[in-house]
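> Take this structure, written in structure tokens, and hold onto it; I'll ask about it next.
Readers should treat all values here as calculations from the given coordinates under stated rules, not as data from a laboratory. Because the structure is a prediction, the values reported are computed rather than measured. Glycine gets a Cβ as well: all are built from the backbone with ideal geometry, and neighbour counts include every protein chain shown.
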Amino acid sequence: MQNSNFNRNNQGGRNLSQPESEFFERVVQVNRVSKKTKGGDRRSLSVLVVVGDRKGRVGVGLGKAAEVQSAVRKATTYAKKHLISVPLKGRTIPHTILVKYGAAQVLLKPAPVGTGVIAGGAVRVVVEAAGIHDVVSKSLGTKNKASNVYTTMEALKRLRRFKENTSDLGKTKESKVSKGTEDETK
């Protein structure tokens, strides 16, 4: 007797294909961790996930659970709640930046159109998730993926937009205000 609700392609009436998310998600690292308890070792998994919309927003999350799937879900949820905006200048970053965070040091440099992403593993994932298409980077210091991901996130947080109008550079707030009042009186 064949169950009408069961179909090998449909897996029992459930739709297993998830809807396309607006976010790019990438698992960077899966770590087995254990805790000593009175009854023995308690093992769990720690997962580092990078999430981005490839349009200038990126986040990172760390999830811990007994199963990989649960840990990934926790990390992804955290990353989506803590997205940062990255200032872009076309397809690249506005300026060169060198950031040291813990033992890791990351250098990010803007690149001409067509260069692509020249970056090592952990830095590449964060930069691609942020939507940066042309950048040159160098990871200095540690090879630890988690440290390099957090350092890259810190570097992207510290980026600043350059304004097209640089005529106000070097002027104090008072001189800008007084200049504005003189123009209005004429």
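> Obtain the nm distance between the two label points defined at Tyr101 and Lys36 by a simple spin-label model: each point lies 7 Å from its Cα along the Cα-to-C-beta direction.
It works out to 3.2 nm between the two label points.
> Quick check: convex hull over the Cα atoms of the stretch 87-158, volume per residue in Å³, rounded to an integer?
67
> What are the radius of gyration and Dmax of the stretch 24-81, computed over its Cα atoms and given in Å?
Spelled out, the Cα radius of gyration and Dmax of the stretch 24-81 are 13.2, 49 Å.
> Still on this structure, please answer the following. If you only keep lysine pairs separated by 8 or more in sequence, or across chains, how many in the stretch 24-81 come under 25 Å at the Cα atoms?
Pairs that pass both the separation and distance tests number 11.
> May I pose another question? What is the packing order of peptides 78-88, 37-47, 125-135, taking the mean over residues of other C-beta atoms within 10 Å and listing the highest first?
Answer by packing, highest mean first, reads 125-135, 78-88, 37-47.
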